[in-house]
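Contents: one structure, followed by commentary.
The values are calculated or read from the model by the stated rules, or taken from the named source; none is laboratory data. This one's a predicted model, so the numbers in the text were calculated from it and none came from an experiment. We place every Cβ from the backbone using ideal geometry, glycine too, and count neighbours over all the protein chains shown. Please note that ligands, DNA and RNA were not included when accessible areas were found on the heavy atoms of the full protein model with its side chains. Shrake-Rupley method; radii C 1.70, N 1.55, O 1.52, S 1.80 Å.
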Amino acid sequence: MHSKEQISHDEYQTTADWLMSQTKHRPQVAIICGSGLGMLADSLKCQNSFAYSDIPGFPQSTVQGHAGRLVFGDLKGKSCVCMQGRFHMYEGHSLLKTTFPVRVFKLMGVETLIVTNAAGSLADGFQPGDIMIIKDHINFPGLVGLNPLCGPNDEKFGPRFPAMSDCYDKGLRCLVMEIAKQIGVAGLLQEGVYAMVGGPNFETIAEARLLHRLGVDAVGMSTVPEVIVATHCGLRVFGLSLITNKVVKSYEDSDSVNHDGVLEVGRLRSQTVQQLVTELISRMEINNNENSNNAS
Ligand SMILES: O=P(O)(O)O[C@@H]1C[C@H](O)[C@@H](CO)O1
């Protein structure tokens with residue numbers, strides 16, 4: 001059972017200490033790359049990278065389009081760490097394991113987490129290739145008790161009952177809207193609600209209709225556990241979904257979604273996503289509390 005598994009504070013600290021012994025970078029910003037979005041790491045300068053298989057305590061990526069590499073580097077004067085590949089519940093990882101890197105980042109001094117994902121759209125006005133700023137989420141696994149915060153609470157990371165009503169930072173969302181206007185891609189930008197489902201199968205038509213009626217704008221199989229754990233330990237969060245497909249909602253529709261198509265849209269939009277994230281990092285304010293955090 002997921003909720004019986006525990007990871008001690010010392011285990012997170014061991015991984016953080018190992019990484020800090022292997023790199024001089026002390027990241028302020030962490031980026032998690034969604035399916036097909038691993039190129040976000042390419043803009044980092046003075047890179048140090050580590051295969052997940054070499055990092056003590058790290059799970060392994062098994063999904064195509066998720067390289068399984070942690071890349072440290074500088075971007076526009078900010079120190080960053082980028083996960084080229086994330087962990088999904090459907091791969092068989094517990095939710096604690098899928099979110100393991102987030103707490104490690106916190107212990108390394110990260111203060112802002114940028115999450116990206118590939119997602120299918122339910123909202124009528126969205127098109128494949130659109131980029132949705134996440135303003136809120138619905139945690140479907142969480143509604144049935146699958147939450148990374150289940151089990152004993154580690155007060156050193158955060159409270160037993162954390163608020164989730166403002167987990168996607170409003171200032172960063174407005175900043176990205178502004179950047180999109182300035183770089184001429186505002187027409188691609190949407191804002192909406194992301195819902196996490198367990199996967200790995202894509203939605204049935206009845207499920208798609210249910211999600212649509214519930215007000216979900218985009219659906220995917222990740223991100224929410226990472227955001228919950230990040231919010232719990234006080235990280236500032238920004239999230240975006242690349243809309244890779246429309247979720248089929250009609251029995252008359254002959255379209256169907258597949259992972260190769262998802263990766264293809266990632267490739268097509270990679271430059272725009274990279275530009276938005278790079279400008280965001282460049283312009284965001286950082287507290288400069290070098291490696292100081294209250295989670296240690
Ligand atoms: O890691 P993300 O959420 O970007 O991956 C999405 C959801 C599935 O893992 C996969 C389906 O194509 O892409």
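Among the residues of segment 208-218, at least one is of a type in the set (A, V, I, L, M) and within 12 Å of the ligand (Cβ to nearest atom). Considering the conditions (1) more than 16 Å from the ligand (Cβ to nearest atom); (2) at pLDDT below 95; (3) in a helix (DSSP H, G or I), Thr15 is excluded by exactly one of them, (2).
Can you find, within segment 159-205, the residue that is farthest from Ser254 (Cα to Cα) among those that are in contact with a Phe, Trp or Tyr (Cβ under 8 Å, 6 or more places away or on another chain) and part of a loop (DSSP other than H, G, I, E, B)? Out of the qualifying residues, it is Asp169.
Quick one: would you say Ser250 is open to solvent by less than 50 Å² (accessible area, probe 1.4 Å), more than 16 Å from the chain's Cα centre (by Cα), under 30 Å from Arg103 (Cβ atoms) and away from the ligand (no atom under 11 Å from the Cβ)? Taking the combined requirement at face value, the residue does not satisfy it. It is to be established whether one or more residues within segment 253-275 are of a type in the set (A, V, I, L, M), touching a Phe, Trp or Tyr at 6+ places or on another chain (Cβ under 8 Å) and away from the ligand (no atom under 11 Å from the Cβ). No. Just so you know, in segment 188-207 the residues that are within 13 Å of Ser121 (Cβ to Cβ) and not hydrophobic (A, V, I, L, M, F, W, C) include one that is nearest to the ligand (Cβ to nearest atom), and it is Tyr194. When the residues of segment 81-120 are filtered to those that are open to solvent by less than 10 Å² (accessible area, probe 1.4 Å) and on the phi > 0 side of the Ramachandran plot, the one that is nearest to the ligand (Cβ to nearest atom) is Gly85.
Filtering segment 228-246 to residues that are surrounded by fewer than 24 Cβ atoms within 10 Å (Cβ to Cβ) and within 12 Å of the ligand (Cβ to nearest atom) leaves only Asn245.
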